[in-house]
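Q: Dropping a structure here in structure tokens format, bear with me for questions.
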Amino acid sequence: MSDAPVSPLAHQARTSLPSGKLTLANSPWKAEVELQIQFYDLDPMEIVWHGRYVEYLETARCALLDKLGYNYPAMKDSGYAWPVIDLHLRYAAPATFGQRIKVAAAVVEWENRLKIDYQVSDAVTGARLTRAATVQVAVQISNREMCFVSPPVLWHKLGLIPPAP
């Protein structure tokens with residue numbers, strides 16, 4: 001294990017990793033942000049323009065990565081870039097001007113890629129507005145080669161022991 005400090009989320013994961021498939025509900029690595037919909041987020045139909053949801057996901061993802069101690073500057077310092085290679089959004093209901101929303105994010109896969117699931121919901125009623133997922137892969141900055149197994153640094157940040165090479 002690395003001598004780097006272990007985040008509280010990683011410590012929790014070490015002691016309570018659930019069996020079976022990880023989900024937004026049972027992942028030990030999650031974060032949530034609350035946002036208020038601004039006028040500039042709206043489209044001509046006075047609902048949030050679909051492209052703005054990507055920004056909301058990024059805000060939640062950064063909050064999650066901050067909790068893990070592995071946000072983008074730390075990723076770069078570790079020698080890896082983590083580009084998003086897949087994005088999926090499923091809209092259930094529109095968000096509107098002035099509405100307060102919660103955006104939850106959770107790590108659900110890490111072995112070969114970093115998959116994060118999201119849910120956007122109304123902050124007052126809890127009604128689900130959108131589900132989403134992103135997939136990021138590790139790319140060595142030095143040679144721009146994609147890694148087919150997530151590097152040990154991610155495992156350590158999650159409080160896990162990486163597999164032997």
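Q: Would you work out the Kirkwood radius for the stretch 17-89? I mean one over the mean of 1/r across all pairs of different Cα atoms, in Å.
A: 14.7
Q: Still on this structure, please answer the following. How large is the Kirkwood hydrodynamic radius of the stretch 92-165, in angstrom, based on all distinct alpha carbon pairs?
A: For the stretch 92-165, the Kirkwood estimate is 14.5 Å.
Q: How far apart, in nm, are the 7 Å Cα→Cβ label points at Gln140 and His50?
A: 3.9
Q: Report the far tail of the P(r) of the chain, meaning the percent of Cα-Cα pairs longer than 21 Å.
A: Of all Cα-Cα pairs in the chain, 48 percent lie more than 21 Å apart.
Q: Let me ask another. Of the residues Ser121, Ser78, Ser19, which exhibits the maximal mean-square fluctuation in a Gaussian network model of the chain defined by a 10 Å Cα contact cut-off?
A: Ser19
Q: Next up: Taking 45 Å as R0, compute the FRET efficiency from the Cβ-Cβ separation of Cys62 and Thr125 and round it to 0.05.
A: Calculated transfer efficiency: 0.95.
Q: Next question, about the same structure. Using the charge dipole of the chain (Lys, Arg: +1 at Cβ; Asp, Glu: -1 at Cβ; taken about the Cα centre), state which of Tyr80, Leu35, Leu114 has its Cα farthest towards the positive end.
A: The Cα lying farthest towards the positive end belongs to Leu114.
Q: Select from Gly69, Gly98, Gly79 the residue whose mean-square fluctuation is largest in a Gaussian network model of the chain (Cα-Cα springs shorter than 10 Å).
A: Fluctuation is largest for Gly98.
Q: So which trypsin sites (Lys or Arg not before Pro) in the stretch 113-165 end up in coil per DSSP with only 15 or fewer other C-beta atoms within 10 Å?
A: Arg144
Q: Please identify, among Val107, Val120, Val139, the residue showing maximal mean-square fluctuation in a Gaussian network model of the chain using a 10 angstrom Cα cutoff.
A: In this elastic network of the chain, the residue with the biggest mean-square fluctuation among Val107, Val120, Val139 is Val139.
Q: Assign unit charges at the C-beta atoms only (+1 for Lys and Arg, -1 for Asp and Glu), then state the dipole size of the chain relative to its Cα centre in Debye, rounded to the nearest 20.
A: That gives the chain a dipole magnitude of about 360 debye.
Read the figures in this text as sums done on the coordinates, not as results from a lab. This is a predicted model, so every value here is computed, not measured. Cβ coordinates were reconstructed from backbone atoms using ideal geometry, including for glycine residues, and neighbour counts include every protein chain displayed.
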